[in-house]
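Presented below is the structure to which this report refers.
Each value in this text was obtained by applying a stated rule to the coordinates, not by laboratory testing. Fair warning: this is a prediction, and the values are worked out from it, not measured in the lab. Cβ placement follows ideal geometry from the backbone for every residue including glycine, while neighbour counts extend to all protein chains displayed.
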Amino acid sequence: MFRDAALIAGKDLRIEFRSRVTVNQVVPFALVVLVLFAFALDPDRGTLRVATPGLFWIAVLFTAVLAVQRSFNIEVADAGRDGLRLSGLDPAGIFLGKAGALALQLLALEATLGVGVAILYGTASDPKAETAGVFAVSALLVSTALLATIGLAATGALYGALAAGLRVRDTLLPLLFLPTVSPVMIGATRAFESALRSGPGNQLHEGWPWVGLLAGFAGLYVALGLLAFGALLEEA
Amino acid sequence: MKPMARGRVGTGTPATRVLGVVTLAAIAVLGLFALVLSPADELQGDSVRLLYVHVPAASLAYLSFAMSAMASALYLWPRTRRPGWDRLAGVTAEIGVLFTGIVLITGMLWGKVSWGAYWTWDARLTSTALLFVLYVGYLAVRRMPAAVDVRAKRSAVVGLVAIIDVPIVHWAVDWWQGQHPQSTILHLHPKISGLMAFSLFLGFVAGLLSFAWLLMHRYRLAVMEDALEAQWLDLAIEDRQREGTVPAAGAAAR
């Protein structure tokens, strides 16, 4: 299963490396979203800085929709889906591979967005490192991002396969995906707020229970994907 | 479309007709008790009457979604895969969305009277709204243009994803916004009068009857839809032949 997953993930990442669709189109889109948020919320009043965690994760969700669409459009072209079924690879492995490649691309996106947020919204200049160590803050940020990304990638891979090849896929995917991942949005935003102290009275340790929620979400949807992906693939 | 008229017309049988009449009677009695006979609440005033619909509708929505999820799981499990489970999953989800809509509307009206706003970002409201959207998405999947078994399988997966999401959403939102003040309202009133309790009970009876009636009719309609989807082309050709514009069966096969 894991060998199959590595094959699929390697294939997807290789396609991305050669076509650079995510780098050339999805990342710039994410940055555009960040700039639009600044237009929507008056940037001079500190609103942006307070709202940074939420805006960051909204931008991640929107770009995740694009990434998922991209990830499964490459299977639709040239009947890649049939190829996958003919390949004899374990469906659970295919799921893990697709989700893994998606997760890696999302993590890269999040890193870029993080830098963008820090520069454009001035979030990093918060006096956060005074009472809590830099290490504790980054540990919370990184584990939040990691688990949220796994949850997003697992859900995305499931729904991506489900909507792939349909005439209505571009409109169906966001409708299914965004409400489902709303717990990730809530959990990741609250955890980031705790880490960055952007909310009123947020303490660092308050973020960790949310990380637990994200871990639960990720675990459940990875498990469901492993079980259900076969049913999605075996049909035409 | 006319072709179905050749088979059985309509979805009613004597049994469901009786059920329908009983349901209507129950709704009428509920209206009498909820609006006229039961007293207004000391604190909530007349707005309490909304709860005789609101609370049963919420329970029935959960019942529908639970049934939908079970039917989805039974369809996905290869040994129990029958088209009937797929239909049941879709039908109950539709009814669940209907009841969730009723819950949201009556809840918003209640909120306007009691809290002074149609909407607050309270935990229960938010998670109910998300539940509504999740299942609207599910219904969109059911309407997707694809082969019947492809659609059935994909819908079943979405049904499971949705039901797993419900407790997580509930937990996350609850944690985010703190406890819902409304959930304890009936417990705050241990001296809820007998007439009010009876009205609420009637609400459950009328709700369950409507649920059963809707379920039976909608399920039969789903059977007819599937039959129509399977043979609409044959039926259409038959129609054309009867009009005499197309040569008879043997020639048409060319």
Rounding to the nearest 10 and keeping the result within 0 to 90°, find how far the Cα-based axis of helix A:182-196 lies from the longest principal axis of chain A.
40 degrees
Centre separation in Å (Cα based) which lies between region A:63-96 and region A:159-236
19 Å
If we count other beta carbons within 10 Å of each Cβ, what is the order of A:159, B:135, B:118, fewest first?
B:118, B:135, A:159
How big is the dipole moment of the protein assembly as shown about its Cα centre under a simple scheme where the beta carbon of each Lys and Arg is +1, that of each Asp and Glu is -1, and everything else is neutral? Debye, nearest 20, please.
1020 debye
Classify region A:165-236 from the C-alpha gyration tensor, please: rounded if a/c falls under 1.5, else prolate or oblate depending on whether a/b exceeds b/c.
oblate
Which of A:95, B:115, B:55, positive extreme of dipole for the protein assembly as shown (C-beta unit charges):
A:95
Provide Rg and Dmax in Å for chain B, with only Cα atoms included in the calculation.
22.6, 79
Listing B:112, A:98 by rising number of other beta-carbon atoms within 10 angstrom, fewest first, gives B:112, A:98
Under the rule of at least 5 residues apart or a separate chain, name every residue whose amide H is placed under 5 Å from the amide H of residue A:168.
none
Projected onto the charge dipole of the protein assembly as shown (+1 at Lys/Arg Cβ, -1 at Asp/Glu Cβ, origin at the Cα centre), which of B:207, A:137, B:162 gives the Cα projection farthest towards the positive end?
B:207
Expected sort for A:82, A:12, B:239 with the fewest Cβ neighbours (10 Å cutoff) up front is A:82, B:239, A:12
Chain A shape via C-alpha gyration tensor axes, a/c threshold 1.5
prolate
Convert each backbone phi in region B:127-133 into a coupling constant with the Karplus relation 6.51 cos²θ - 1.76 cosθ + 1.60 (shift: θ = phi - 60°), then list the ³J(HN,Hα) values in order as whole Hz, x for Gly and Pro.
5, 5, 4, 5, 4, 4, 5
Given unit charges at Cβ for Lys, Arg (+) and Asp, Glu (-), the dipole magnitude of region A:75-120 about its Cα centre in debye, nearest 20, is 40 debye
So for the protein assembly as shown, Kirkwood radius off the Cα pairs, Stokes-Einstein at 10 °C and 1.306 mPa s: how many µm² s⁻¹?
62 µm²/s
222 nm [θ] for the protein assembly as shown, helices only, -39500 (n - 2.57) per DSSP H run of 4+, per residue, to 500?
-26000 deg cm²/dmol
